[in-house]
Amino acid sequence: MDANTTSSALPSSSSSSSTESQLLQALIDRGWCFKDMDRIRVLITAQFSIPASLCTVDSIESELLNMDLRSIGGKCLPDPSLLCKTSHLRGPVVLQVCSSRDISRSSIDASGNSGNRRLLRLKLTDGHSEITAIEYSHVPSIPEDVIPGTKVRLQNKADIYGGTLCVNKKVITVLGGIVQSLYEEWQFKRKYLDVSRHSLRLSQDDASSCPPPFEKLKIGARVRETSSLLCTSATKETRPSSHTTGSTVHLNTGFPQTSSKDGRHGLAAKGETSNSS
């Protein structure tokens, strides 16, 4: 191969720099936000250096999908303190899934398939801050067991209510990607949760199949308690009324008794009667 052929096969430094800038701008137009542009330029240059490889926006993006946004992503989400005051998020914006859960079901039944009746809650990040997204209407492209590290693209205008992002199939697109460290961590947690759910189901089944615990019948205690209540009730019924004046009721006989003052007046009256006679 002569010098002319070699020079035509390898792009010049000026044309390579121009191509890198074009690819970088194309990625930004697709919603990618980077905190270190030089690192992305190195990635593009590495793609150019691979023999018989076609360096395009799609090929660069496929490499970025498998990278953690926490290491390459630039800040593009509003601050958490300002989310409640934000009404919408304008796309395109590429975010990364941190976690997902179908909040329409209990954690015990979360391993099944709920179909169109699900209500997914997603935690998304730009690599710096997080935002909660709710599946406002069913998005078929999002699997229920979406893996952390998966990239999604928000496009058009996504509404935000009370700091929560509402997504539908017109707003969000799943790009894919596997971040190896996040994938392995997700697999480990999933296995642990499956074992926990299975053990919980077994314990619940055992509890439902067993008879209720035996309780000893305490007849004597019930009789004493009833007698105590009856005595208390009888005492309340025989207690003199606060409206009775001039006489009291004898608790044993029930006959009225005069007071000491009334007794002295009665004896004096009897003495006057005997003297007059």
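Every read-out reported here was derived from the displayed coordinates using simple, explicitly stated rules and does not represent laboratory data. If you're wondering where the values come from, they're calculated on a predicted model, not measured in any experiment. When we count neighbours, we look across all protein chains shown, and the Cβ atoms used for this are built from the backbone with ideal geometry, even at glycine.
In this calculation the C-beta distance from Glu185 to Ser87 is compared with R0 = 35 Å, giving a FRET efficiency of 0.50. Bin width 10 Å, alpha-carbon pairs only: give the P(r) of the range 12-65 as whole percents, running from 0 to the bin holding the largest distance. For the range 12-65, the binned pair fractions read 24, 63, 13, 0 percent. The equivalent ellipsoid that matches the C-alpha gyration tensor of the range 34-108 spans semi-axes of 33, 18, 11 angstrom, in descending order. Amide H to amide H, with H built 1.01 Å from N, Leu119 comes under 5 Å of Ile103, Ser104, counting only residues 5 or more places away or on other chains.
Placing a pseudo-label 7 Å from each Cα along the Cα-to-Cβ vector at Ile178 and Ser71 gives an inter-label distance of 1.7 nm.
Hydrodynamic radius of the range 80-181 by the Kirkwood approach over all distinct alpha-carbon pairs: 13.9 Å.
Here's the picture: a label point sits 7 Å out from the Cα of Ile103 along the beta-carbon direction, and within the range 164-196 the residues with their amide nitrogen under 16 Å of it are 164-168.
By counting other Cβ atoms within 10 Å of each Cβ, how are Glu144, Glu184, Glu20 ranked from fewest to most?
Glu184, Glu144, Glu20
Residue by residue, the range 134-147 carries 3J(HN,Hα) couplings of 10, 6, 4, 9, 4, 10, x, 6, 9, x, 5, 9, 4, 7 Hz when phi is fed to the Karplus relation 6.51 cos²θ - 1.76 cosθ + 1.60 (θ = phi - 60°); x denotes Gly or Pro.
Checking the Cα-Cα distances for Lys151/Lys189; Lys169/Lys189; Lys75/Lys191; Lys75/Lys123 against a 22 Å cut-off, the pairs over it are Lys169/Lys189; Lys75/Lys191.
Legend: calculated FRET efficiency, His128 to Ser17, from the Cβ-Cβ distance at R0 = 25 Å, rounded to 0.05, equals 0.30. The slack between Asp38 and Glu215, meaning 0.36 nm per residue of separation minus the straight C-alpha distance, is 56.2 nm.
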